[in-house]
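S.K.: Here you go, one structure.
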Amino acid sequence: MEFVETGQRGFTEYTDPHFSVAFVSTHVASAEHPAYIVDCAFHHGYAPAIGVFDATGVIIENNIIHHTWESGNLNKSLITIIIY
């Protein structure tokens with residue numbers, strides 16, 4: 001999947017994320033209830049591409065992040081797997 005010109009500048013706190021994709025206070029990811037971003041492209045975004053806050057077990061794998069505002073992703077969670 002391709003995300004182009006997504007997100008919104010002005011991130012101030014994780015309870016109001018402006019990312020292209022955000023996982024905020026989600027369930028614990030498992031085989032029955034997976035949470036992942038795999039094989040996606042993010043470019044020319046107005047905020048970091050991916051935000052993970054208070055979420056466990058999110059898999060972020062094999063994504064391309066280009067020309068986004070600030071960092072490519074923000075992770076403030078335990079047991080988040082990021083594979084580049």
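S.K.: Hey, among the residues in the range 1-20 that are within 13 Å of Thr68 (Cα to Cα) and β-branched (Val, Ile, Thr), which one's modelled with the lowest pLDDT?
M.R.: Thr6
S.K.: How many residues are part of a loop (DSSP other than H, G, I, E, B) and either closer than 18 Å to Ile37 by Cα or aliphatic (A, V, I, L, M) (or both) when one looks only at the range 1-22?
M.R.: 8
S.K.: So which residues in the range 47-81 are at pLDDT below 85, under 16 Å from Ser30 (Cα atoms) and β-branched (Val, Ile, Thr), if there are any at all?
M.R.: Selection gives Ile79, Thr80, Ile81.
S.K.: Right, something else. Would you point out the residue of the range 23-32, among those that are part of a loop (DSSP other than H, G, I, E, B) and either modelled with pLDDT under 90 or touching a Gly at 6+ places or on another chain (Cβ under 7 Å) (or both), that is surrounded by the fewest Cβ atoms within 10 Å (Cβ to Cβ)?
M.R.: So, considering only residues that are part of a loop (DSSP other than H, G, I, E, B) and either modelled with pLDDT under 90 or touching a Gly at 6+ places or on another chain (Cβ under 7 Å) (or both), the one surrounded by the fewest Cβ atoms within 10 Å (Cβ to Cβ) is Ala31.
The values are calculated or read from the model by the stated rules, or taken from the named source; none is laboratory data. Note that the coordinates shown come from a computational prediction; the quantities given were computed from them, not determined experimentally. Reconstructed Cβ throughout: ideal geometry from the backbone, glycine too, with neighbour counts over all protein chains shown.
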